[in-house]
Each structure stands twice: as structure tokens, then as C-alpha cells.
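Step one of this worksheet: look at the structure below.
Since every read-out is calculated from the coordinates, none of them should be taken as a lab result. Quick caveat: nothing in here was measured; it's all calculated off a predicted structure. Every residue, glycine as well, gets a Cβ built from its backbone with ideal geometry; the counts of neighbours run over all protein chains shown.
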Amino acid sequence: MQCGGGTGAAVYYNRLGNSLMKAGCFVEAAEYFRKALDKESNEIYYNGLISACRAMGKEDEARKIIHELGKVKKV
């Protein structure tokens, strides 16, 4: 476990996603949030992906991810 929670690779991908969001590179940010989620299911990574989708105007996709997150949280 790394500082900040999560595996090393997942944390790295999440941080890169956050940096890309700040730079306005929403498509690339979403890719890195998905990579983080491939490594580890984490609400923080889902929230980043939801934010990236919304920033791109993909509200339907964001809603699907929110629904998916709801399923994950129940497990």
C-alpha cells in the first residue's frame, strides 16, 4: 500500500489523470483514470473518471459510471 491509498501503479495513473484534468486534457485524463481502475477499484478513481466524462459533456457515460460505482460499493 502506498501513501494516499492504493497500489503504486493505480496511484500513479490517478495522479496523472488529475494532472491532465488540470491541463484541460479530459480525454487523456479519462484514459488514465480507467487505467487506475484496471489496477484497483477505488471510489477516488471512479470520481476522477466521472469528472472527466462530465468535463467532456458525456453526462450519459458519467451516469453509467455512477451506477457502476453504486454496484461496487454494495459488494
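What you get for the chain, charging only the Cβ of Lys and Arg (+1) and of Asp and Glu (-1), is a dipole of about 140 debye around the Cα centre. Hydrodynamic radius of the chain by the Kirkwood approach over all distinct alpha-carbon pairs: 12.1 Å.
In the chain, helical runs assigned H by DSSP with n ≥ 4 each contribute -39500 (n - 2.57); averaged across all residues and rounded to the nearest 500, the mean residue ellipticity at 222 nm is -25000 deg cm²/dmol.
Under 1.5 on a/c is rounded, so check that first for the stretch 34-75, then, if it is not, pick prolate when a/b is larger than b/c and oblate when it is not; a ≥ b ≥ c are the square roots of the alpha carbon gyration tensor eigenvalues. Write out the running numbers ahead of the final one.
Working: a/c = 2.56, a/b = 1.37, b/c = 1.87.
Because a/c hits 1.5 or more and a/b fails to exceed b/c, the stretch 34-75 counts as oblate.
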